[in-house]
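Taken together, the values in this text are just the output of simple stated rules run on the coordinates, not laboratory data. This one's a predicted model, so the numbers in the text were calculated from it and none came from an experiment. With ideal geometry, Cβ positions are generated from the backbone for all residues, glycine too; neighbour counts draw on all protein chains shown.
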Amino acid sequence: MVKKKILIVEDEESLLKLESILLTSKGYDVRGVLNGQLALDAIREERPDLVLLDIMLPEIDGFEVCQRIKENPETKSIPVIMLTAKKSREDMARGEKVGADWYITKPFKSVMVIETIQRFLS
């Protein structure tokens, strides 16, 4: 079985490591990047099967990254799960507007993240 590729976009290194370990232990091929521009580069280089995307990022925020993924005909089918501390109704609505497939707020339960990812990748 070919491992599904997940791109994690998270500027907090400790959280990036934690998420990477969690997903690698579940059998996924994980790549992590620390900002929005690196995320867009990584998506262009090696098309992931799913993107786990923080919103508060240096340079290009997660909303902009998601919008660019969804506007590109070559990448628009990649599921984008927003994983963020931004909990307001406005933030969630904006996530939906830019095309996020799902929205999970921090702090999160690992099992919920895994179940959501499995739902999109099965």
**Request:** Please list, or write none, the lysines whose alpha carbon is within less than 20 Å of the alpha carbon of residue 3, excluding same-chain residues fewer than 8 places away.
**Result:** 17, 26
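So if we plug the beta-carbon distance of residue 2 and residue 74 into 1/(1 + (r/R0)^6) with R0 = 30 Å, what FRET efficiency do we get, rounded to 0.05? Display every interim value, and only then the final one.
Details: r = 20 Å, r/R0 = 0.66.
With R0 = 30 Å, the Cβ-Cβ based efficiency is 0.90.
Percentage of Cα-Cα pair distances in segment 5-121 greater than 22 Å, rounded to whole percent? Let's see the in-between values first.
Details: 1494 of 6786 pairs.
When every Cα pair of segment 5-121 is considered, 22 percent fall beyond 22 Å.
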**Request:** List the aspartates and glutamates whose Cα lies under 13 Å from the Cα of residue 70, skipping any in the same chain that are fewer than 8 positions away.
**Result:** 96, 101
**Complete:** Using alpha carbon centers only, segment 1-41 is separated from segment 67-114 by a whole-angstrom value of 15 Å
